[in-house]
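Structure incoming, see below.
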Amino acid sequence: MEEPLEIPERMTELLKAPAALGLDVTTAKEVGMSPILAVHDFGYVQFLKHGYDEWMALDDDLGAQVQTGIFMPYDNPGIGIMAKAAKYQADDSAPISEHSWTSIYWSAQTALNAAEALLSDESGDSDVQLCFSRPPGHHARRSAAGGFCYLNNAAIIAEHLRQKYAKIAIIDTDMHHGQGIQEIFYDRSDVLYTSVHGDTVNFYPGVTGHEFEKGEGEGYGYNLNFPMPHGTDEAGFFEHVDKSIEAMSVFDPDVIIHVLGFDVYKDDPEAKCEVSTEGFKVLAQKMIALGKPLIVLVEGGYYLQKLNDNLQAFLSGLTDVS
Ligand SMILES: [Zn+2]
């Protein structure tokens, strides 16, 4: 198997940035399972939690981790772990091994801690929260894992924040389209999803992310995709980001969740655009200038050598103007 891009060393690198800037990092407390089940299908969550044990308990050796080669999300009653994997794994980039659930669960709990901080904040001191957690989440669908994602952290906290905030905007600037977020809120007008990403024609996730996907029913108009042609330069990236921000400002959300991917960095193996280190500072300044409570979820970004610098640039943009 090819070496995956989403590896623990990413977090080691990212955590160097707040340390270098003297910023406090707190560790997540447990919020629990109910906010997860408010978004994800119960059978799917059971599969993530117990699938590895079921897979390993088989007499036949299917491999060291849960990874299906059969893909059958529909018309599949999920009888047996092989059928469950075929139902709940959307592609070959979200295998499950012995400790996966611990990471998946605590990644979601970390994001939920940011939401809790806003929910309990009366002074306005916790208006900006930044989360480092892995695995990332924006590709995770209601009942399917894929693209290194298992639980959709952005969607989970958006739903959780609804108890206090009427209108939530999720702005996604990761290199890839967050088809999981799109799917989960496609028919809703209380959560706006807007995404700037590389054109998905023959680029992951490959099947969604087009401009004509605008939502449905009550949610029509509340799903906005801004695909970038591959090879877009930094100015082009910000043109797309500005359009996305403009649309979001019309919505006038009560809180913003920013899905931040460092895979838009020019040297990232996944990059189809050319954002510089300085660009991440500009991006942060744009987010903070909106003047709304803000939760930033750090998701993609696979060029290890620059994760620290790029995150430092982003953090300096956040703290600059505030
Ligand atoms: Zn990405």
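Residue pairs, Cβ under 7 Å, 6 or more apart or interchain, first in the stretch 36-56 and in contact (Cβ under 8 Å) with a residue 40 or more places away in the chain, second assigned to a helix (DSSP H, G or I) and aromatic (Phe, Trp, Tyr). List them.
TYR44/TYR88; PHE47/TYR88; LEU48/TRP101; LYS49/TRP101
Being aliphatic (A, V, I, L, M), part of a helix (DSSP H, G or I) and touching a Lys or Arg at 6+ places or on another chain (Cβ under 9 Å) is the filter here; which residues of the stretch 263-292 pass it?
VAL264
What number of residues in the stretch 66-110 are crowded, with 21+ Cβ neighbours inside 10 Å, without any contact (Cβ under 8 Å) to a residue 40 or more places away in the chain and among the small types (Gly, Ala, Ser)?
1
Hey, any hits in the stretch 216-224 for a residue that's farther than 27 Å from ALA117 by Cβ, in a strand (DSSP E or B) and either away from the ligand (no atom under 16 Å from the Cβ) or touching a residue at least 40 places away in the same chain (Cβ under 8 Å) (or both)?
Scanning the stretch 216-224 turns up at least one residue that is farther than 27 Å from ALA117 by Cβ, in a strand (DSSP E or B) and either away from the ligand (no atom under 16 Å from the Cβ) or touching a residue at least 40 places away in the same chain (Cβ under 8 Å) (or both).
What pairs come out if I take residues in the stretch 166-184 that are under 13 Å from PRO227 (Cβ atoms) and pair them with residues that are among the hydroxyl-bearing types (Ser, Thr, Tyr) and within 16 Å of the ligand (Cβ to nearest atom) whose C-beta lies under 6 Å away, six or more apart or interchain?
From the stretch 166-184, the pairs are ASP172/SER195; HIS176/TYR204; HIS177/SER195; HIS177/THR200; HIS177/THR208; GLY178/SER195; GLN179/THR208; GLN182/TYR193.
While we're looking at this one, here's another question. When you go through SER322, SER276 one by one, which is the residue that is at pLDDT below 95 and surrounded by fewer than 24 Cβ atoms within 10 Å (Cβ to Cβ)?
SER322
Out of the stretch 293-307, which residues are surrounded by 18 or more Cβ atoms within 10 Å (Cβ to Cβ) and not in a strand (DSSP E or B)?
Selection gives PRO293, GLU299, GLY300, GLY301, TYR302, TYR303, LYS306, LEU307.
Looking at MET248, MET287, which one is touching a His at 6+ places or on another chain (Cβ under 6 Å) and either away from the ligand (no atom under 16 Å from the Cβ) or closer than 26 Å to PHE132 by Cβ (or both)?
Result: MET287 is the single residue among MET248, MET287 that is touching a His at 6+ places or on another chain (Cβ under 6 Å) and either away from the ligand (no atom under 16 Å from the Cβ) or closer than 26 Å to PHE132 by Cβ (or both).
Does ALA28 meet the test of being surrounded by 17 or more Cβ atoms within 10 Å (Cβ to Cβ) and touching a Ser or Thr at 6+ places or on another chain (Cβ under 6 Å)?
So ALA28 fits the description; yes.
So which residues in the stretch 172-213 are away from the ligand (no atom under 12 Å from the Cβ), part of a loop (DSSP other than H, G, I, E, B) and touching a Phe, Trp or Tyr at 6+ places or on another chain (Cβ under 6 Å)?
The answer is PHE185, SER189.
Something else about it: Out of the residues in the stretch 222-252 meeting the condition of being loosely packed, with under 14 Cβ neighbours inside 10 Å and of a type in the set (Gly, Ala, Ser), tell me which one is farthest from GLU278 (Cα to Cα).
Across the stretch 222-252, the extreme among qualifying residues is SER249.
Out of (1) buried (at least 16 other Cβ atoms within 10 Å of the Cβ); (2) among the acidic types (Asp, Glu); (3) at pLDDT below 95, what's the single condition that is false for GLU54?
(3)
Within the stretch 235-260, take every residue that is in contact with a strand residue (DSSP E or B) (Cβ under 8 Å, 6 or more places away or on another chain) and among the small types (Gly, Ala, Ser) and give me the one that is nearest to ALA154 (Cα to Cα).
SER244
The values are calculated or read from the model by the stated rules, or taken from the named source; none is laboratory data. All values reported here derive from a predicted model rather than from experimental measurement. Every residue, glycine among them, receives a Cβ derived from its backbone with ideal geometry; neighbour counts consider all protein chains shown.
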